[in-house]
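Here's the structure, in structure tokens; my notes come after.
The values are calculated or read from the model by the stated rules, or taken from the named source; none is laboratory data. What you are looking at is a predicted structure, and each value in this text was computed from that prediction instead of being measured. Using ideal geometry, Cβ is built from the backbone for each residue, glycine included, and neighbour counts are taken over all protein chains shown.
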Amino acid sequence: MISIQGKGVSTGVTIGPLYFYQRAKSTIRRYEVEDPDAEWARFKAAQGKAIEQLGELAEKARVEAGDEAALLFETHQMMAEDMEYEEAIQTAIQDNKLNAEAAVTDTAAQFAEMFAAMEDAYFQARAADVKDVSGRIIAALTGVAQGGIDSPVPVILAADDLAPSETVQLDKSKILGFVTEGGSGSSHTAILARTMGIPAIIGVGDQLKPEYEGREVIIDGSTGAIVIDADPDARAALLKKMEEQKRTRELLEQLKGQPNETKDGQSIRIYCNIGSPDDVPAVLANDAGGVGLFRSEFLYLNCDDYPSEDYQFEAYKKALSDMGGREVVIRTLDIGADKQIGYFNLPKEENPALGNRALRICLNRPEIFRTQLRALFRASVYGKLGIMFPMVTSVWEVKEAKKMCEQVKQELTSEGIPFSEDVEIGIMIETPAAVLMSDRLAQVVDFFSCGTNDLTQYTLACDRQNADLGRFYNPHHPAVLRALKIVCDNAHKHGKWVGICGELGADLELTETFLSIGIDELSVSPRSVLPLRQKVRETDVSQVKEKVLNDLLSDENTI
């Protein structure tokens with residue numbers, strides 16, 4: 001039996017085979033082949049597999065997002081069997097006796113350079129397409145699965161950490177839990193795990209060895225314990241805990257349909273955070289009142305090029321329609337910092353967390369922002385939509401963003417395209433500047449949603465992605481909690497509501513604090529809805545409010 005200790009970031013116990021995430025190899029071996037005909041046959045088999053995969057993706061995209069989304073994969077199919085492309089690879093293999101991986105790599109570079117040099121923007125964009133298609137063929141040649149998992153059964157996925165672009169491609173049906181070498185409680189792996197309602201452990205370092213792959217592993221996301229090839233006693237104890245958690249979950253099911261109301265009659269809205277319309281069933285299954293954060297950037301991360309207006313419209317429409325009239329708050333594009341997208345061609349920054357990100361990108365590149373806003377307002381007729389802007393630091397930014405909203409609405413009106421006038425416009429409170437300006441900001445928006453992950457990072461000057469900072473990144477720090485109270489006071493003074501959509505919203509140790517300072521809405525992962533409802537219903541705010549506020553404002557409350 002092998003025991004490993006990490007840090008649990010998504011609770012629960014699960015058991016299954018350990019599987020290491022597979023990435024396409026960045027270095028392709030080059031060698032001379034003895035049998036060019038056999039090598040050509042290898043290429044043709046890989047090409048056929050890639051074309052088949054692209055066909056499946058096209059059909060999936062057509063069902064989920066419409067014909068225009070499917071067209072991208074169909075275009076890639078045609079490119080994979082383009083005659084000139086294929087002939088160039090054949091020449092490299094047959095005449096130069098080059099191995100298939102190297103032949104595809106060289107041809108991709110040649111064609112990409114050719115496309116990039118063209119004056120027409122359409123053909124310039126094809127440079128990225130030919131690289132993507134070639135990467136898929138190389139993945140088939142090397143046996144590395146697209147999406148990182150090539151297993152017939154669900155697994156506990158191990159990785160160094162996963163980038164946002166990698167998480168969106170994972171086959172979620174194949175994942176029982178996560179274990180990562182690095183990461184943090186607010187990393188995308190941790191957020192994905194909580195959204196999926198599966199256990200996750202981070203920070204195990206180099207304790208996971210390649211030879212452990214395929215062996216039975218049990219992980220406990222609440223304690224951070226990992227046990228490989230558990231002895232009978234340890235296995236029985238962990239499986240017993242898994243059964244107890246299942247029974248607790250069954251008891252929580254009885255809270256469905258019950259109000260989110262404290263013992264003394266104070267109500268709070270409990271919503272969910274999602275990254276895709278595919279997450280809506282989990283929101284409804286857990287009886288949330290709405291969606292407090294739809295991370296729209298995952299639509300961009302899931303594309304090889306800027307997602308079109310129609311592609312985005314179909315995604316927003318589906319989420320709003322499937323929520324059946326319950327509110328859906330969609331955050332506009334929030335990339336930069338740890339969420340990088342190649343085709344945006346953002347310059348490398350010394351400190352990207354303080355650089356060109358989120359609303360700053362949208363205001364600097366209005367053509368991207370306009371496309372998203374048109375899709376959002378078009379979708380607004382299918383449900384109750386809220387739009388919020390991330391990374392706000394000043395009133396002028398909000399006014400500029402709202403001005404673009406008005407321009408888009410005027411365009412849609414002139415084109416005869418319907419939209420709802422009943423769309424709330426809000427902002428994320430993620431920076432100390434937004435906290436200090438919240439009295440002014442409350443006068444130009446309909447609501448605030450506090451992103452406590454970034455608010456903690458910027459308030460404490462502490463990189464939330466740096467696992468080495470450990471105890472220094474403390475979301476319970478009085479400075480963070482005092483900031484939330486300032487925001488609540490200023491919002492309520494102007495009749496506006498305040499939510500929390502950061503991971504802190506699900507922290508049951510702070511529920512009494514949030515209720516006491518007047519938070520109106522908590523948006524959490526679907527699995528956290530019912531435990532949070534239970535905590536709310538067990539709380540008597542009249543009994544704890546005075547102590548909570550005294551502790552919060554006391555000079556003795558220091559870290």
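Would you pick out the residues in region 1-16 that are buried (at least 19 other Cβ atoms within 10 Å of the Cβ) and assigned to a loop (DSSP other than H, G, I, E, B)?
The answer is Gly6, Thr11, Gly12.
Looking only at region 466-487, decide whether some residue is within 27 Å of the chain's Cα centre (by Cα), within 30 Å of Lys317 (Cβ to Cβ) and in contact (Cβ under 8 Å) with a residue 24 or more places away in the chain.
No: zero hits.
Could you tell me whether any residue of region 132-144 is at pLDDT below 85 and under 29 Å from Gln245 (Cα atoms)?
No: zero hits.
One residue is enough: does region 414-436 have a residue meeting the conditions in the same structural domain as Asp334 (by TED's automatic domain parsing), modelled with pLDDT of 95 or more, of a type in the set (Gly, Ala, Ser) and touching a Phe, Trp or Tyr at 6+ places or on another chain (Cβ under 7 Å)?
yes
Considering every residue within region 367-379, establish whether at least one is modelled with pLDDT under 85, among the aliphatic types (A, V, I, L, M) and in contact with a strand residue (DSSP E or B) (Cβ under 7 Å, 6 or more places away or on another chain).
Within region 367-379 (the criterion being modelled with pLDDT under 85, among the aliphatic types (A, V, I, L, M) and in contact with a strand residue (DSSP E or B) (Cβ under 7 Å, 6 or more places away or on another chain)), the answer is no, since none of the residues qualifies.
Just to be sure, is Gly336 at pLDDT below 90, in the same structural domain as Asn466 (by TED's automatic domain parsing) and surrounded by 22 or more Cβ atoms within 10 Å (Cβ to Cβ)?
Taking the combined requirement at face value, the residue satisfies it.
Only residues that are aromatic (Phe, Trp, Tyr) and within 23 Å of Asn273 (Cα to Cα): list them for region 450-494, please.
Across region 450-494, the qualifying residues are Tyr458, Tyr473.
Name the one entry in Arg360, Arg370 that is under 19 Å from Asp310 (Cβ atoms), surrounded by fewer than 23 Cβ atoms within 10 Å (Cβ to Cβ) and charged (D, E, K, R).
The unique qualifying residue is Arg370.
Which condition number does Gly275 fail, the rest of (1) closer than 28 Å to Lys172 by Cα; (2) surrounded by fewer than 17 Cβ atoms within 10 Å (Cβ to Cβ) being met?
Evaluating Gly275 over (1) closer than 28 Å to Lys172 by Cα; (2) surrounded by fewer than 17 Cβ atoms within 10 Å (Cβ to Cβ) leaves (2) as the failure.
Out of (1) among the aromatic types (Phe, Trp, Tyr); (2) more than 30 Å from Ser380 (Cβ to Cβ); (3) outside any helix (DSSP H, G or I), what's the single condition that is false for Phe419?
Exception for Phe419: condition (2).
Could you identify the single residue in Ala200, Ala193, Ala128, Ala109 that is at pLDDT 80 or above, surrounded by fewer than 22 Cβ atoms within 10 Å (Cβ to Cβ) and aliphatic (A, V, I, L, M)?
Ala109
Could you tell me how many of the residues in region 508-531 are buried (at least 20 other Cβ atoms within 10 Å of the Cβ) and either in contact with a Gly (Cβ under 8 Å, 6 or more places away or on another chain) or under 19 Å from Leu192 (Cβ atoms) (or both)?
Residues in region 508-531 being buried (at least 20 other Cβ atoms within 10 Å of the Cβ) and either in contact with a Gly (Cβ under 8 Å, 6 or more places away or on another chain) or under 19 Å from Leu192 (Cβ atoms) (or both): 11 in total.
Condition first: more than 13 Å from Ala158 (Cβ to Cβ) and surrounded by fewer than 22 Cβ atoms within 10 Å (Cβ to Cβ). Now tell me which residues in region 204-219 satisfy that.
The answer is Glu216, and nothing else.
Please go through (1) at pLDDT 95 or above; (2) closer than 30 Å to Met391 by Cα for Gln266 and return the number of the only condition it doesn't satisfy.
(2)
Could you please find all residues in region 1-50 being in contact with a Leu (Cβ under 9 Å, 6 or more places away or on another chain) and of a type in the set (Asp, Glu)?
Selection gives Glu32, Glu39.
Any residue at all in region 80-98 that's of a type in the set (A, V, I, L, M, F, W, C), under 34 Å from the mean Cα position of the chain (by Cα), outside the structural domain of Phe344 (by TED's automatic domain parsing) and modelled with pLDDT under 95?
Scanning region 80-98 turns up at least one residue that is of a type in the set (A, V, I, L, M, F, W, C), under 34 Å from the mean Cα position of the chain (by Cα), outside the structural domain of Phe344 (by TED's automatic domain parsing) and modelled with pLDDT under 95.
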